[in-house]
Amino acid sequence: MSYMYPFKNYHLDLPKIISAKGIWLFDESGKSYIDSSSGPMTVNLGHCHPLIIEKTKNQLERLHFIYRSHFRSNESEVLSKKLIELSNDNKSHVFFLNSGSEASEAAYRIALDFFRYQGKEKKIVALGREITNHGNTITSLSYGDLRARRKSLDNILDCNISRIKLTPCYCFQCPLDKSPETCKLDCVSESFNIIDKFGAEKIACVFVEPITGSSGGALVPHKDYMKKLKEGLIQRDILLIADEIVTGLGRTGAWFNMKSWGVDSDITIIGKGLGAGFTPISGVLISKEVSSVLAKQPIPHFVGHTYSGNPLSTGIALSVLDVLE
């Protein structure tokens, strides 16, 4: 078999799925499976949703691709406006990419530019917490903590930085052996001790999952954690990037999970459920403060890839949001 990985001990011994409907997957022998995790937490509307199929067909017949630097499209502009409305917070601009890893790196690059344009050239480091996943590219693995994927990169990553991880808010099995009732959020204090020891003047941003997803399994933070974290990051002139690729767009009962904690991120990244498995698409939502700094520059910010913001994917994402509403 030529598909997937050409490794000696890798054997793709999995059921071959030939059709799907709703929560059900069907293999070539007719056996059915409940897709209880919606793939990698992606198929938020179930498989083969009839309305999305109809809208996709209409979009394909009308317009499926234009390059964003050559032409505008209604689909990407309307989707941006819709996401800003749904966020209902400090966001003002949205940019689209194809995967969560791309959105993660784009958010990091935007944070770098935010400080570079203010003459703060030393602020170049992105930090993450223990038990987190922020992507599968080399850079996103450096601030994420998915160790199985990082293992083969130990001689490539800057170990002096990539091994620095902030303390997670893990109340169920607290790494500091505290209880939520009495800890006074020592996990945040410990995180800032790590930041201050490293040097806040060198840190551009901190990535957090509002609720930890694939790397730890639904680790819900203390109700005051995000607020205290954001306050300390503001004091240290560090941006807060919320990775809502898993939690965003309704999965936790709100359009964005940061709303549950009453905190606005400086940058939010989304993916997975935005396309609901029908198309590869992710996005970066940027705050008014960050956007205002970028907007003063004469040269546009060159983040993006060939398919970024293509009308087929953004049109499908609009249909997904319509169904979710």
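Points worth noting:
- Residue separation of Lys21 and Lys227 scaled by 0.36 nm, minus their Cα-Cα distance, works out to 70.1 nm of gained length.
- List Ser215, Ser282, Ser2, ordered by accessible area with a 1.4 Å probe, largest first: Ser2, Ser215, Ser282
- On Cα atoms only, tilt of 74-87 relative to the major axis of the chain in degrees: 50
- Under-5 Å amide H pairs with Arg129, H placed in peptide plane, nonlocal only: Leu166
- Cβ crowding within 10 Å averaged over residues, with 206-214, 89-97 ranked highest first: 206-214, 89-97
- By a 1.4 Å probe calculation restricted to protein chains, Glu75 has an accessible surface near 10 Å², given to the nearest 10.
- In degrees, nearest ten, helix 186-198 long axis to first principal axis of the chain (Cα): 70
- Near-label residues of region 214-241 by backbone N, under 20 Å of a point 7 Å along Cα→Cβ of Gln118: 227-241
- Set of aspartates and glutamates near Lys123 by C-alpha distance (under 14 Å), chain-local residues within fewer than 8 positions excluded: Asp113, Asp196, Glu201, Asp237
- Crossing angle, helix 311-324 versus the chain [Cα axis fit, 0-90 degrees, rounded to tens]: 80
- If you run the Gaussian network model on the chain, springs between alpha carbon atoms under 10 Å, then out of Pro15, Pro221, Pro311 the most flexible one is Pro15.
- Charge tally in the Cβ shell below 12 Å around His49, where Lys, Arg are +1 and Asp, Glu are -1, His49 excluded: 0
- Accessible surface, per residue, of region 85-137 when the full set of protein chains is kept, probe 1.4 Å, Å²: 40
- Subset of Lys230/Lys272; Lys55/Lys82; Lys178/Lys272 violating a 27 Å alpha-carbon distance limit: Lys178/Lys272
- For Thr212, residues with placed amide H under 5 Å, excluding near neighbours: Leu219
- The accessible surface of the chain, taken with every protein chain in place and a 1.4 Å probe, is 54 percent carbon and sulfur.
- Positive contributions from Lys and Arg (+1) and negative ones from Asp and Glu (-1), summed over other residues with Cβ under 9 Å from the Cβ of Thr137, come out at -2.
- Sequentially through region 173-183, phi angles give Karplus couplings (6.51, -1.76, 1.60; θ = phi - 60°) of 10, 4, x, 9, 6, 10, 10, x, 6, 10, 7 Hz, Gly and Pro residues having no value and appearing as x.
- For region 147-216, the solvent-accessible area works out to 56 Å² per residue, with a probe of 1.4 Å and every protein chain left in place.
- Spin-label model, Leu324/Ser69: points 7 Å from Cα along the beta carbon direction are separated by 3.0 nm.
- Sorted on the mean count of surrounding Cβ atoms within 10 Å across their residues, most packed first, peptides 100-108, 59-67, 125-133 read 100-108, 125-133, 59-67.
- When the chain is treated as a Gaussian network with alpha carbon springs shorter than 10 Å, the biggest mean-square fluctuation among Gly216, Gly283, Gly135 belongs to Gly216.
- Most fluctuating residue given options Leu240, Leu166, Leu294, as computed from a GNM of the chain linking Cα atoms under 10 Å: Leu294
- For Gln235 and Lys178, the FRET efficiency from 1/(1 + (r/R0)^6), where r spans their Cβ atoms and R0 equals 25 Å, is about 0.60.
The values are calculated or read from the model by the stated rules, or taken from the named source; none is laboratory data. As the structure is a prediction and not an experimental result, all values here were calculated from the model. Neighbour counts run over all protein chains shown; Cβ positions are idealised from the backbone, glycine included. What goes into the accessible areas is simple: the full protein's heavy atoms, side chains included, and nothing from ligands, DNA or RNA. Shrake-Rupley method; radii C 1.70, N 1.55, O 1.52, S 1.80 Å.
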